[in-house]
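Read through the structure below, which is laid out as structure tokens, and then see the notes.
The values are calculated or read from the model by the stated rules, or taken from the named source; none is laboratory data. Everything numeric in this text was worked out from a predicted model, so none of it was measured. Cβ atoms come from the backbone with ideal geometry, glycine included; neighbour counts cover every protein chain shown. Just the protein is used for accessible areas: all its heavy atoms, side chains included, with ligands, DNA and RNA removed. Shrake-Rupley method; radii C 1.70, N 1.55, O 1.52, S 1.80 Å.
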Amino acid sequence: TALVSGGCGLLGTAFCRALATYGASVAIIDLARAEPVRAASELSEVSGVNTFGVACDVSLPEDVVSAVRQVEEELGAVDVLVNNAAAKPADMGEWVRPAEDFSLSVWREIMSVNMDGLFALSRTVGNSMIKGERSGSIIHISSVYGTIAPNPDIYKDSSYGLGGSINTPPVYSASKAGVVGLSRYLAAYWGRHGIRVNTISPGGVADGQNATFQERYGERVPLGRMAEVGDLCGALIFLASGASSYVTGQNLLVDGGLSIW
């Protein structure tokens with residue numbers, strides 16, 4: 001049984017499909033009330049595996065505890081947790097503010113999901129694994145920008161196809177760096193229980209950015225392009241499966257080589 005947070009988003013949808021393809025029962029949690037239920041039903045029809053969807057605001061500890069309990073009642077104990085949920089502010093104008101003007105209230109809003117929510121889910125599922133004397137795999141989704149800094153030059157004249165400037169704000173890098181640090185901490189403390197904790201740090205994923213951004217980004221990547229969502233699924237299945245039985249505390253950068261330059 002694999003539980004994927006943010007399971008209705010761009011990466012989450014691909015992760016759920018990949019896990020189902022390899023035979024996992026899949027639990028989808030997401031913020032939108034009806035979406036995870038619909039997504040789970042559609043995934044079950046396509047893949048034939050058992051699925052379950054439930055709405056959950058991971059920034060609320062009581063929501064997390066309730067969601068995990070419902071998943072365990074429907075699909076059984078969680079073997080794989082994919083902490084993929086991440087936040088953006090309601091007002092995207094706040095997202096593109098420079099560091100010197102970035103709002104602390106928005107900072108706290110993003111951290112409440114990217115760090116607090118991730119820890120709440122890890123704590124709840126990890127506690128269940130320990131009490132049940134079960135091994136398991138916890139996979140945190142970070143970003144290459146949790147390891148290296150974004151290059152400001154690529155953002156000039158860059159935008160999304162539907163409008164809006166592109167930017168990587170300070171809270172994004174800080175939260176994603178925190179994800180890597182927390183993964184290593186939990187790997188050290190939970191290893192004796194047979195619980196492996198690892199991180200996947202994707203490079204930039206193509207998702208409607210204009211040609212200017214994609215070209216500039218690709219010029220800085222040894223493989224010459226942005227990632228596609230499918231590029232990340234192999235790493236996910238590796239860390240979720242017994243193929244990585246002796247791998248823990250690692251940060252796997254799936255970035256086309258961006259971080260080596």
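Please compute the net charge surrounding Phe102, taking Lys and Arg as +1 and Asp and Glu as -1 over other residues with Cβ under 13 Å from its Cβ. Residues close to Phe102 contribute a combined charge of -3.
Sorting Ser175, Ser135, Ser112 on solvent-accessible area from highest to lowest, probe radius 1.4 Å, gives Ser135, Ser112, Ser175. Packing-based ranking of 103-109, 52-58, 227-233 yields 52-58, 227-233, 103-109, ordered from highest to lowest mean Cβ neighbour count within 10 Å. Counting only protein heavy atoms and a probe of 1.4 Å, the accessible surface of the chain is 52% carbon and sulfur.
Once you divide the Cα radius of gyration of region 1-114 by 2.2 N^0.38 Å, the number left is 1.16. I need the Debye-formula profile for region 160-199: one equal scatterer per C-alpha, no solvent, reported as log10 I(q)/I(0) at q = 0.25, 0.32 1/Å, two decimals. After summing over all Cα pairs, the log10 values are -0.79, -0.97.
Its relative contact order, with pairs defined as Cα atoms under 8 Å and 6+ residues apart, puts the chain at 17 percent.
Dipole orientation for the chain: of the candidates Ser159, Leu10, Phe119, Phe119 has the Cα lying most toward the positive pole (charges on Cβ; Lys, Arg +1; Asp, Glu -1). In region 151-261, a dipole from Cβ-located charges (positive for Lys and Arg, negative for Asp and Glu) runs towards its positive end, and of Gly256, Gly194, Leu236 it is Gly194 whose Cα lies farthest in that direction. Between 0 and 90 degrees, rounded to the nearest ten: what's the tilt of helix 10-21 against the longest Cα principal axis of the chain? Around 40 degrees separate the two axes. Can you tell me the orientation of helix 61-75 relative to the chain, as the angle in degrees between its alpha-carbon axis and the longest Cα principal axis, to the nearest 10? It works out to around 50 degrees. Normalised by 2.2 N^0.38 Å, where N is the number of residues, the C-alpha radius of gyration of region 160-247 stands at 1.37. Place a +1 charge on the Cβ of each Lys and Arg in the chain and a -1 charge on the Cβ of each Asp and Glu, then give the dipole magnitude about the Cα centre in debye, rounded to the nearest 20. Here the size comes out at about 680 debye. Here the dipole of region 1-65 is about 200 debye; that uses its Cα centre as origin and unit charges on the Cβ of Lys and Arg (positive) and Asp and Glu (negative).
Annotation: per residue accessible area for the chain equals 47 Å², rounded to a whole number [probe 1.4 Å, protein chains only].
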